[in-house]
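Here is the structure we will look at.
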Amino acid sequence: MWTLEYPVYLFLLAVVPVGIWMRHFRKRRGGRLTFAFDIWKGSGFSAKWTGLNILLGFSHLLFWSGIIVFIIALAGPSLFIQERIFLSRGIDIIVVLDESPSMAAQDFKPNNRFQSAKNVIREFIAGREHDPIGLVSFGREAALRVPPTLDYGEVLRGLDSLNLMDLGDGTAIGMGIAVAALHLRSSTAEYKVIILLTDGENNAGEIPPETASDIATGLGIKIYTIGIGSQGEVPLEFTDSKSGKVYKGMYRSGFDEELLIRIAEESGGEYFTALSQNSLESIFKTIDSMETRGQKVKLGIKTIPRHNVFLVIGIFLLFGDYVIRKALLKEVLP
Amino acid sequence: MLTPYGVWLFLLLVPVGLIIWRRYKNGRRDLMRIAGFWREEALGNLFLVKWFFSSLTFVCFIIFSTLAVLGVAWGKTPVKDDRQGLDIGFVLDISRSMLCADIQPTRLDRSLESIGILMDSFPESRFSIILFKGEAFKFSPATEDHQYLKANLQYINTGILTAAGTNVEKGLITALGSFPPGEETTQVIILYSDGESLEGDPETAARDAAELGIPVITVGVGTDEGGMISLADGSFVKNSRGEQVITRLVEEDLQRIASVSGGAYFRGDDMLMMQEVKKLLNDMRSPKSETDFRYEPKNRFRLFILLALVSLLFNQGIRVLKWKDLF
């Protein structure tokens with residue numbers, strides 16, 4: 001949006017009509033020569049509306065528009081950018097996502113669990129504002145994919161690049177929580193949250209889930225746990241992104257509900273079960289609303305001066321007038 | 001902020017000077033032909049006076065308006081400063097010449113070491129890391145997760161990106177986009193490069209940074225004597241004629257980026273460099289006075305526009321006002 005820093009200078013525009021009158025219409029104006037061109041009782045000559053006259057008129061137009069542009073530049077035209085500035089620190093959130101092969105179970109129509117979880121997390125990120133979000137994934141091992149950042153584009157890119165079995169075929173819940181806790185440790189946020197999504201029992205990793213959750217709780221981190229998938233036999237099919245091998249079969253699904261409940265309760269979070277894509281969506285909506293705190297926001301205004309554009313245009317308009325009059329039309333009178 | 005490209009406008013003085021000269025040579029003769037030689041003395045004298053002042057005022061107009069475009073500034077003006085916290089975007093050149101060992105252990109390692117030290121010195125700050133060659137990419141988004149940042153520094157090497165070249169403009173622009181939105185923090189970019197064969201237009205990027213109020217501190221890593229670029233197998237990089245390539249520190253572009261963006265330039269081989277960068281960052285972070293005001297150079301463009309307009313006013317006055325009943 002455009003704005004003027006000192007619009008009061010625009011009053012100078014009132015000088016323009018006076019100037020035009022002084023220069024082009026006043027009876028006793030200068031810049032003209034009086035000489036006889038008329039014989040007694042004869043008829044004189046008058047300037048025809050020729051190309052030269054048009055050129056002269058054009059140069060007058062350049063001159064006065066140049067003056068107007070200069071006066072506008074004087075008023076300080078600027079680009080005006082309004083932005084919301086957050087005065088309070090948001091909540092640091094790390095999403096910990098299971099990428100063990102069982103997440104390929106196809107009980108989350110139309111997608112498998114993993115794809116559904118990714119979609120729901122994507123929506124969750126889109127709904128947050130000014131809360132740094134990070135991403136940890138785990139299989140047999142756990143890894144930080146994206147550190148907590150406000151750069152949601154990076155988080156989404158990190159989320160998209162996750163593949164099943166990238167970190168081996170296990171379920172190291174403890175490692176996942178520990179990695180997330182480690183990376184929330186140096187955070188200056190008042191509220192820190194881990195959202196854990198898993199569909200299996202802890203069967204890998206050096207750190208047991210209980211220990212990891214104690215560490216996190218000690219750091220003041222709240223953990224929401226989501227057990228996903230229906231219990232019992234479910235069909236499973238996926239392609240390993242590394243080897244290109246297709247895995248297919250029936251899988252006996254089940255997660256350690258007790259463990260997830262305990263972790264959530266100890267840390268002051270909540271436990272949820274997601275049996276379908278819809279329930280997963282509503283769980284994330286619930287967490288979203290539970291973890292929404294009032295943020296202090298003010299409207300910041302940034303002005304970027306743009307008078308130089310006007311100045312350069314004005315200089316060339318006035319220079320153009322000068323060249324036409326003095327060089328092309330060879331105006332004699334200074 | 002100075003707008004150096006405005007200097008070109010001074011070139012307008014050349015055609016203007018030529019026109020003025022031609023008018024002086026031919027104007028008087030043309031005038032006599034029209035007005036009659038019988039009035040030669042009176043007309044000629046008046047012509048000379050009017051020609052002189054008219055030319056002078058027009059030249060003044062060009063000079064003053066160019067100075068206005070240049071953004072000549074003096075004095076300081078207090079600006080209210082609500083900024084809290086410090087965000088630093090590191091922009092690191094990972095072209096192959098950064099492997100040169102003219103600074104021990106190599107230019108790249110020395111830069112990484114310096115980045116690590118700065119991270120330790122500002123524990124509450126957010127950092128992003130941008131790497132560039134012919135292309136630039138965000139190696140790490142802005143985060144205060146120092147654990148992550150420091151763990152990942154060790155993975156930075158010249159092979160991480162294949163695009164050949166050293167496009168510093170792309171690096172800077174990526175860095176400008178890496179600062180989190182909606183924040184009122186002091187934002188600074190620190191660029192590490194040997195400045196050799198930089199591509200893109202670094203000045204445009206530096207101007208963009210200046211407009212956003214983000215100074216670019218540039219660190220030139222390398223020495224004037226330079227050195228050869230050693231590869232992993234112990235051999236050295238050779239050119240097409242089979243000669244070993246010598247790479248040297250080229251400071252000009254780095255200095256220009258710093259001055260245009262309102263930052264500062266430091267030499268990487270200067271022992272005191274780290275201390276000075278830290279001191280500068282501390283100064284930038286905290287407003288200089290105690291009342292939350294910082295001082296910015298006062299741009300005097302308005303004064304020069306007024307002077308330019310007054311020059312034009314005189315220029316027109318000389319023409320419009322009839323003197324001695326002649327013209």
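Available extension along the chain between A:His60 and A:Trp2 is 18.0 nm, counting 0.36 nm per residue and deducting the alpha carbon span. Of all DSSP beta bridges in the protein assembly as shown, what percent run antiparallel (nearest 5)? Within the protein assembly as shown, antiparallel bridges account for around 50 percent of the total. Considering only beta bridges that DSSP places wholly inside the range B:29-163, some 40 percent are antiparallel. In order along the range B:47-60, the Karplus-derived 3J(HN,Hα) couplings, from 6.51 cos²θ - 1.76 cosθ + 1.60 at θ = phi - 60°, round to 4, 4, 4, 5, 4, 4, 5, 4, 5, 4, 5, 5, 4, 4 Hz, and Gly and Pro are given as x. Gain on full extension, evaluated as 0.36 nm per residue between B:Leu231 and B:Val49 minus their Cα-Cα distance, stands at 58.2 nm.
May I ask for the angle, rounded to the nearest 10°, between helix B:273-285 and the longest principal axis of chain B, with both axes built from Cα atoms and the value confined to 0 to 90°? With both axes taken from Cα atoms, the answer is about 60 degrees. Scanning residues 5 or more positions from A:Ile207 or on other chains, those with amide H under 5 Å from its amide H are A:Met175, with H placed 1.01 Å from N in the peptide plane.
Screening chain A for DSSP H helices whose Cα atoms reach 18 Å or more along their own axis and whose mean Kyte hydropathy is at least 0.5 gives A:51-74, A:307-323. Only lysine pairs 8 or more places apart, or on different chains, with alpha-carbon atoms under 29 angstrom apart are counted in the range B:44-189, and they number 5.
Using θ = phi - 60° in the Karplus curve 6.51 cos²θ - 1.76 cosθ + 1.60, the 3J(HN,Hα) couplings for the range B:128-142 round to 10, 10, 10, 10, 9, 10, x, 10, 10, 8, 7, 6, 9, x, 4 Hz; x is entered for Gly and Pro. Between B:Phe139 and B:Ile129, B:Ile130, B:Leu131, the built amide H atoms are under 5 Å apart, and every one of these is 5 or more places off in sequence or on another chain.
Determine the calculated [θ] at 222 nm for chain A from helices alone, applying -39500 (n - 2.57) to every DSSP H run no shorter than 4 residues and normalising by the residue count; nearest 500 deg cm²/dmol. Each step should come with its number before you reach the end.
Values: 9 runs with 118 residues, N = 334.
Helices in chain A give a 222 nm mean residue ellipticity of -11000 deg cm²/dmol.
Just to verify a number: FRET efficiency for B:Asp224 and B:Lys324, C-beta to C-beta distance, R0 = 51 Å, to 0.05? Kindly include the intermediate steps, with their values, before the conclusion.
On the way: r = 67 Å, r/R0 = 1.32.
After rounding, the FRET efficiency stands at 0.15.
Modelled this way, with points 7 Å down the Cα-to-C-beta line, the labels at B:Phe10 and B:Leu272 are 3.3 nm from one another. Look at the stretch B:49-56: the mean tally of other chain Cβ atoms within 10 Å of its residues' Cβ atoms is 2.
Given R₀ = 25 Å, what would the calculated FRET efficiency be for B:Thr204 paired with B:Asn282, taking r from the Cβ atoms and rounding to 0.05?
Working: r = 29 Å, r/R0 = 1.17.
So, using R0 = 25 Å, E works out to roughly 0.30.
Each principal axis of the Cα cloud of the range A:175-279 was evaluated for its coordinate range; sorted largest first, these ranges are 44, 29, 26 Å. Note on B:Lys279: lysines with a C-alpha under 20 Å away, same-chain residues under 8 apart excluded, are B:Lys288. The alpha carbons of the protein assembly as shown give a radius of gyration and a Dmax of 35.2, 121 Å, in that order.
With angles folded into 0 to 90 degrees, how steeply does helix B:107-121 sit against the dominant principal axis of chain B? Use alpha carbons for both and round to 10. Roughly 90 degrees, rounded to the nearest 10. Backbone geometry of the range B:245-257 corresponds, through the Karplus equation with coefficients 6.51, -1.76 and 1.60 at θ = phi - 60°, to 3J(HN,Hα) couplings of 7, 9, 10, 10, 6, 10, 8, 3, 4, 5, 5, 5, 4 Hz, x marking Gly and Pro.
Tell me what chain B gives for mean residue ellipticity at 222 nm when only DSSP H runs of n ≥ 4 count, each as -39,500 (n - 2.57), the sum divided by the residue total, rounded to 500 deg cm²/dmol. Display every interim value, and only then the final one.
On the way: 9 runs with 139 residues, N = 327.
After summing the helix terms and dividing by the residues of chain B, the value is -14000 deg cm²/dmol.
Which shape class applies to the range B:238-327: rounded if a/c is under 1.5, otherwise prolate when a/b exceeds b/c and oblate if not, where a ≥ b ≥ c are the square roots of the Cα gyration tensor eigenvalues? Verdict is oblate for the range B:238-327.
Which of the trypsin sites (Lys or Arg not before Pro) across the range B:213-303 are loop residues per DSSP, with 10 or fewer other Cβ within 10 Å? Please list the in-between numbers first.
On the way: sites: B:Lys238, B:Arg241, B:Arg248, B:Arg256, B:Arg267, B:Lys278, B:Lys279, B:Arg285, B:Lys288, B:Arg294, B:Lys298, B:Arg300, B:Arg302; in loops: B:Arg241, B:Arg248, B:Lys288, B:Arg300.
Those that pass, being in a loop and sparsely packed, are B:Arg241.
Tell me the GluC sites (Glu not before Pro) within the range A:87-171 that lie in a loop according to DSSP and have at most 16 other beta-carbon atoms within 10 Å. Taking the range A:87-171 and a limit of 16 other Cβ atoms within 10 Å, the loop GluC sites (Glu not before Pro) found are A:Glu129. Beta-bridge orientation, chain B: approximately 40 percent antiparallel, per DSSP, counting only bridges with both partners inside. Amide hydrogen proximity for A:Thr149: with H placed 1.01 Å from N in the peptide plane, the residues at 5 or more positions away or on another chain lying under 5 Å are A:Ile133, A:Gly134. Please work out the Cα center distance from the range A:159-213 to the range B:34-75, rounded to the nearest Å. When both Cα centres are located, 78 Å separates them. For chain A, the residue among A:Tyr271, A:Ile261, A:Trp64 whose Cα projects farthest onto the positive side of the dipole built from Cβ charges is A:Trp64.
Here the residues A:Phe255, A:Phe25, ranked from fewest to most Cβ neighbours within 10 Å of their Cβ, fall in the order A:Phe25, A:Phe255. What is the angle, in °, between the Cα long axis of helix B:301-320 and the longest principal axis of the Cα atoms in chain B? Nearest 10 is fine, range 0 to 90. Tilt relative to chain B: about 20 degrees. Restriction of the trypsin sites (Lys or Arg not before Pro) in the range A:176-268 to DSSP coil positions whose beta-carbon has at most 12 other beta-carbons within 10 angstrom yields A:Lys242, A:Lys245. Using the Cα gyration tensor of the range B:111-192, with a ≥ b ≥ c the square roots of its eigenvalues, what is the shape: rounded (a/c below 1.5), prolate (a/b larger than b/c) or oblate (neither)? It comes out oblate by the Cα gyration axes.
The lysine pair tally for the range A:88-290, using Cα distances under 29 Å and a gap of 8 or more places or different chains, is 14.
Taking a ≥ b ≥ c as the square roots of the eigenvalues of the alpha carbon gyration tensor, the range A:119-224 is oblate, as a/c is not under 1.5 and a/b does not beat b/c.
Rounded to a whole number, what is D in µm²/s for the range A:88-290 from Stokes-Einstein with the Kirkwood radius over alpha-carbon pairs (20 °C, 1.002 mPa s)?
Numbers: Rh = 16.5 Å.
Calculated translational D: 130 µm²/s.
Please get the size of the charge dipole for the protein assembly as shown, origin at its Cα centre, with Cβ charges of +1 on Lys and Arg and -1 on Asp and Glu, quoted in debye to the nearest 20. Kindly include the intermediate steps, with their values, before the conclusion.
Numbers: 71 positive and 76 negative charges, 1341 e Å.
Here the protein assembly as shown has a charge dipole of around 6440 debye.
Placing a label point 7 Å from the Cα of B:Trp21 along the Cα-to-Cβ direction, the residues of the range A:303-334 whose backbone N falls under 19 Å from that point are A:323-324, A:326-328, A:330-331.
Each value in this text was obtained by applying a stated rule to the coordinates, not by laboratory testing. Predicted, not measured: the structure shown is a model, and the values here were computed from it. Note that each Cβ is placed from the backbone with ideal geometry, even for glycine, and that neighbours are counted across all protein chains shown.
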